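Some notes on the structure that comes next.
The values are calculated or read from the model by the stated rules, or taken from the named source; none is laboratory data. Remember, it's a predicted structure, so these values are computed and weren't measured experimentally. Reconstructed Cβ throughout: ideal geometry from the backbone, glycine too, with neighbour counts over all protein chains shown. The accessibility values were calculated without ligands, DNA or RNA, using every heavy atom of the protein model including side chains. Shrake-Rupley method; radii C 1.70, N 1.55, O 1.52, S 1.80 Å.
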Amino acid sequence: MKKQGLTTAVLTSMALATVPAFAAEDSTRLFKDWHYGQHVDDFPRSQGYYDCSGDLGVFALCHDGVTFLEYPFQGQLFFGDDNRLTHATVVADYSDDLYVTVIGALTRSFAIVSAEGPYETLDIIERAKAGAFSSEEEMQAALVAFEAEQHRQGYFGMTLMEQEGILEAKQDIQNAQELMMNAPEGVRVAEIAVYEDDWGPLVETSFYLPERQLGRAIEKAKDAPVEDF
């Protein structure tokens, strides 16, 4: 399948230099009216939601009638063992137009922090801190080359954070992982992935709140039962 590598890099570089257009509506929004922590009962079958845990391998609800950027998507809602929403994904059949449209929409308020393929990762934050890019053109070239190679390998993913979170990040942040670990409350991360499965080529975008996910993991660790083993 054909890919729009150059467009990805150009839009990404624009995002890195753009002031955030707006702030998140509140500290729990994942995607549209789906919010972190919502109970599974807030998504009834009468509104089109259905259990798709068997297909996805974890506790999840799906909705086949999600419209995003005027394209049809399947929505996938993932829940913790407390029946509360933890993250959300929208997935659709791949097309060049859809791929570029998703990137263009997200980079109005998100900026890329890393990219990955099946075997390699490009940490934009780390490379920038190390002075690897002497100009915006060099960064674009690195992204174009990396994206093109990963597409040839069969998988390409990008991680983006709301620009508000990047602007608020501590100056001593050295890489994308540190940025995620120190994300402010309410700042979203979006992960775009292009890959092919048994259904054909797909593009998916997942949304989560790294600050909430980290807090949840810490609480789970604290609540682990004490046992002599």
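Computed values, structure above
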read-out	value
Failed item, numbered, when E185 is tested on (1) within 19 Å of R212 (Cβ to Cβ); (2) touching a residue at least 60 places away in the same chain (Cβ under 8 Å); (3) open to solvent by less than 80 Å² (accessible area, probe 1.4 Å); (4) of a type in the set (D, E)	(3)
Residues of the range 190-209 classified as without any contact (Cβ under 8 Å) to a residue 40 or more places away in the chain and either open to solvent by less than 60 Å² (accessible area, probe 1.4 Å) or assigned to a strand (DSSP E or B) (or both), total	3
Qualifying positions in the range 40-61 - under 18 Å from the mean Cα position of the chain (by Cα) and in a strand (DSSP E or B)	A60
Given (1) within 15 Å of T159 (Cα to Cα); (2) under 16 Å from the mean Cα position of the chain (by Cα); (3) open to solvent by 40 Å² or more (accessible area, probe 1.4 Å), number of the condition P118 does not satisfy	(2)
Evaluation of G80 against (1) over 30 Å from R45 (Cα atoms); (2) surrounded by fewer than 17 Cβ atoms within 10 Å (Cβ to Cβ) (one fails), failing number	(1)
Contacts under 8 angstrom Cβ, first residue in the range 38-57 being without any contact (Cβ under 8 Å) to a residue 40 or more places away in the chain and under 22 Å from L209 (Cα atoms), partner open to solvent by 80 Å² or more (accessible area, probe 1.4 Å) and in a helix (DSSP H, G or I), 6 or more apart	none
Identity of the residue in the range 147-163, surrounded by fewer than 20 Cβ atoms within 10 Å (Cβ to Cβ) and within 20 Å of the chain's Cα centre (by Cα), that ends up farthest from R212 (Cα to Cα)	A148
